[in-house]
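Since the structure comes first, as structure tokens, the remarks are kept for the end.
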Amino acid sequence: MGESLLSLLVIACVVLPLSASSSVLNNSVGVQFVAPSDRENRSEAPCPSGWATNPSKTNCFAYMARSQSWNESETQCNGYHGHLAAVTSFQELSFVQNMCGDVANGCWVGGRDINSQAYLGWKWSDNTSEWNDSIIVRAPLHSGCTNLSCYAKTSNEWCTLVTNETAPLVAERCNGTHYFICMLDIEDKCYHMHCHMDYLIILAVVSGLILCTTLAVVIWLLVYKRSKRRRKSRKLSNPAATALVPPSWKVFTSEELRSITKNFSEGNRLLGDAKTGGTYSGLLPDGSRVAVKRLKRSSFQRKKEFYSEIGRVARLHHPNLVAVKGCCYDHGDRYIVYEFIANGPLDRWLHHIPRGGRSLDWAMRMKVATSLAQGIAFLHDKVKPQVVHRDIRASNVLLDEDFGAHLMGVGLSKFVPWEVMHERTVMAGGTYGYLAPEFVYRNELTTKSDVYSFGVLLLEIVSGRRPAQAVDSVGWQSIFEWATPLVHAHRYPELLDPLISSSSSTSSQIPEAGAIQKVVDLVYACTQHVPSMRPRMSHVVHQLQLAQPSILN
């Protein structure tokens, strides 16, 4: 079917332009040609249709049955790349008289007078033919002129008529109207539109081939894309090919998850955001520990869609991303199984430290921020297409034994119910927490939205304050409402979490004001209201690495 269609296109694109060009050639002549009679010699090869060859085989002549002035007749002949006929011999004179026939008033030919007081002369309109004095020395005079002085005193211009009367060539006022005879040089093959015939044919063929080739390429692309979609659809619809379980992760049954989490007991519950369903620790049969995150029940997401998204996230491997071990879908109940990260969420280390427990010093906090930035930069710069996390916050950052950060929940926002995300949008006191303004107001989500969220979290890591918290004198206060006056006053040490001083064994581990200022400047760069003004995460990583060694001696 496709080949037949392409063949039809080729035929249509080539034949139709050729037909059109032929039609143009056939209709290009606007003057009525009168075919020469049997007494005229014709040569079809050198002359166009309707034209006759002169006895010397050097010119083509045509009789035009249209009454016009001499100038109009010459202009008409010029349209065929010729001139009014030039008569240079008795043979041509007889030939032209024969073409003119019995027209009573005669026919215009190319002679035109040269006014002179001394003599009466003629010049042919083609400026090349020479007058032959053997034909006639000077033309008989019409209109009562019997001498040269009559011509000299007359203001009218005089042109040449050929007649079948006694005087074969006569003078006539040029503004008179008569039929006329045109002449072409046989060597000049370009007569009117006929000279363009070869070019029109070539143009039509080339244009047709280009058009057909373009259409063929477009049709091939459409067919290829359609067949590719069909192959993909058949592959997804084939149960044998849609196990959806790559070797690196596993689909668990609900019974397996209940077994490893002790039926999701409170003793196995990990500290974190319970609004999305809660997270529980579990022990696999091989002795390895995992974290099982239970999502809110959903009737909108199908099993295949859920498994497909988990498989995409599970293929993202980076030291600072929490690895996905598997998942489970059981009649709308959805679970994600992660690797277990020993020291738990950053939120606990910033805001839920038990009395007498260990807190994070400045170097540890910079390590957390730097390693977290590296994980986000990987999602933005190394993964194609780019991955936007959408939900960067302290409870989604897990710390390992060496206090390196591991970002959790990549792609998880797609599984979080809308009402929960909406609840996070406007936090207490009307603040927007970690969410970028363009996402809150215009629902625009880009990698720069993650940069904004990281900036808020970075200030939270430095200060130990939540993005919004209650203050007795003003009610709810955002972290930037608290920090901005201190920044303007250059009181950078006051921005530090008081626990940093208590966790530092010596004063040498407390950062100097310049190091704090570099980090705070980076915070405000990340939280610019205009997304394009925010830096890339790779730049943020570089700046944090420069800020780490600056410790007060």
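When segment 65-114 is limited to residues that are of a type outside the set (Lys, Arg), closer than 16 Å to GLU172 by Cα and at pLDDT below 85, the one that is surrounded by the fewest Cβ atoms within 10 Å (Cβ to Cβ) turns out to be ALA104.
Screening the candidates LEU222, LEU257, LEU244, LEU236 for the property of being under 22 Å from LEU316 (Cα atoms), in a helix (DSSP H, G or I) and either at pLDDT 80 or above or out of contact with any strand residue (DSSP E or B) (no Cβ under 6 Å at 6 or more places or on another chain) (or both) yields one hit, LEU236. Residues in segment 333-346: is at least one in a strand (DSSP E or B), farther than 27 Å from LYS382 by Cα and not acidic (Asp, Glu)? Yes, the conditions are met somewhere in segment 333-346. Within segment 57-91, the set of residues being assigned to a helix (DSSP H, G or I), within 15 Å of TRP124 (Cα to Cα) and either touching a residue at least 12 places away in the same chain (Cβ under 8 Å) or in contact with a Gly (Cβ under 6 Å, 6 or more places away or on another chain) (or both) comprises TRP70, ASN71, SER73, GLU74, CYS77. Number of residues in segment 447-497 that are among the aliphatic types (A, V, I, L, M), in a helix (DSSP H, G or I), more than 28 Å from VAL410 (Cβ to Cβ) and in contact with a strand residue (DSSP E or B) (Cβ under 9 Å, 6 or more places away or on another chain) equals 0. For GLY332, the requirement of being at positive phi, surrounded by 21 or more Cβ atoms within 10 Å (Cβ to Cβ), in contact with a Lys or Arg (Cβ under 8 Å, 6 or more places away or on another chain) and not β-branched (Val, Ile, Thr) is not met. Mind checking whether some residue in segment 373-380 is among the small types (Gly, Ala, Ser), surrounded by 19 or more Cβ atoms within 10 Å (Cβ to Cβ) and part of a loop (DSSP other than H, G, I, E, B)? Checked against the condition, which is being among the small types (Gly, Ala, Ser), surrounded by 19 or more Cβ atoms within 10 Å (Cβ to Cβ) and part of a loop (DSSP other than H, G, I, E, B), segment 373-380 yields no hits at all. Among the residues of segment 284-300, those that are out of contact with any Asp or Glu (no Cβ under 8 Å at 6 or more places or on another chain) and open to solvent by 20 Å² or more (accessible area, probe 1.4 Å) comprise LEU284, PRO285, ASP286, GLY287, SER288, ARG289, LYS296, SER298, SER299, PHE300. Pairing each residue of segment 322-346 that is among the charged types (D, E, K, R) with any residue that is part of a loop (DSSP other than H, G, I, E, B) and open to solvent by 40 Å² or more (accessible area, probe 1.4 Å), provided the two are 6+ apart or on different chains, yields C-beta distances under 7 Å for ASP333/ARG297.
The values are calculated or read from the model by the stated rules, or taken from the named source; none is laboratory data. Treat the numbers as computed from the prediction; the structure is a model and nothing was measured. A quick note on method: Cβ atoms are made from the backbone with ideal geometry, for glycine too, and the neighbour counts reach across all protein chains shown. SASA here: full protein model, heavy atoms, side chains in, ligands and nucleic acids out. Shrake-Rupley method; radii C 1.70, N 1.55, O 1.52, S 1.80 Å.
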